[in-house]
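The values are calculated or read from the model by the stated rules, or taken from the named source; none is laboratory data. Treat the numbers as computed from the prediction; the structure is a model and nothing was measured. Here the Cβ positions follow ideal geometry from the backbone for every residue, glycine too, while neighbour counts run over all protein chains shown. Ligands, DNA and RNA are excluded from the accessible area calculation, which covers all protein heavy atoms including side chains. Shrake-Rupley method; radii C 1.70, N 1.55, O 1.52, S 1.80 Å.
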Amino acid sequence: MTALEAYRGQAPAALVLLAAALLAFLVVGVRLSVIDWRTHRLPNRIVLPSYPVAVLLLGGAAASAGQWHRVVGMLVGGVVLWAGFMVLHLLNRRGLGLGDVKLAGLLGLYLGFAGWAALWWGPVLGIVLGGLWSVVLIIGRRAGLRSSIAFGPFLIGGAALALAVLR
């Protein structure tokens, strides 16, 4: 059951807060995807203010519904994805930027709120999507093995897929 389905029949405040959180995810995700696609940058001025917005909206939704386990999942998810991507960044600083690390922490809040399956599958789907796009570029001779791609849109896409389809 997706997080949104779990909130059917809950207090109206919980539904409104969850809908606002998902709308914020959509707006920020589209904006960051476009910027990263064009510039290979994920600006702090967008990513960092999105953290408290997500915590307040998702935390408020969970509290209104009495689902405190989602608050724990959200916080743990944010830390786990941030830390995991930070390790990847430290292993290969040119392969994964700090913007991707910060984005991963933000996505971890949403994915952790949705549950452990989403927290796992969101980044996996993002990596798969990014890998498939890279293969398409290489086959089309628009990129080589040493070329870089903007990874943010694929992380966001993987998280969106996980949030939309996992039950």
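Could you count how many residues in the stretch 80-108 are open to solvent by 60 Å² or more (accessible area, probe 1.4 Å), within 24 Å of Val55 (Cα to Cα) and free of Cβ contacts under 8 Å to residues at least 12 places away in the same chain? Adding up the residues that qualify gives 2.
Inspect the stretch 31-45 for any residue being modelled with pLDDT of 95 or more, in contact with a Gly (Cβ under 6 Å, 6 or more places away or on another chain), surrounded by 15 or more Cβ atoms within 10 Å (Cβ to Cβ) and not in a helix (DSSP H, G or I) and give the result as yes or no. Yes, the stretch 31-45 contains a residue that is modelled with pLDDT of 95 or more, in contact with a Gly (Cβ under 6 Å, 6 or more places away or on another chain), surrounded by 15 or more Cβ atoms within 10 Å (Cβ to Cβ) and not in a helix (DSSP H, G or I). None of Pro123, Pro52 is modelled with pLDDT of 95 or more, crowded, with 18+ Cβ neighbours inside 10 Å and assigned to a helix (DSSP H, G or I) except Pro123.
Answer with yes or no whether Val71 is surrounded by fewer than 18 Cβ atoms within 10 Å (Cβ to Cβ), of a type in the set (Val, Ile, Thr) and farther than 30 Å from Leu145 by Cβ. No: the conditions fail for Val71. Applying the condition of being over 19 Å from Asp100 (Cα atoms) and in contact with a helix residue (DSSP H, G or I) (Cβ under 8 Å, 6 or more places away or on another chain) to the stretch 130-154 and asking which residue is modelled with the lowest pLDDT yields Leu145. Which of the residues belonging to the stretch 144-165 are open to solvent by 30 Å² or more (accessible area, probe 1.4 Å) and assigned to a loop (DSSP other than H, G, I, E, B)? Those that are open to solvent by 30 Å² or more (accessible area, probe 1.4 Å) and assigned to a loop (DSSP other than H, G, I, E, B): Gly144, Leu145, Arg146, Ser147, Ser148, Ile149, Phe151.
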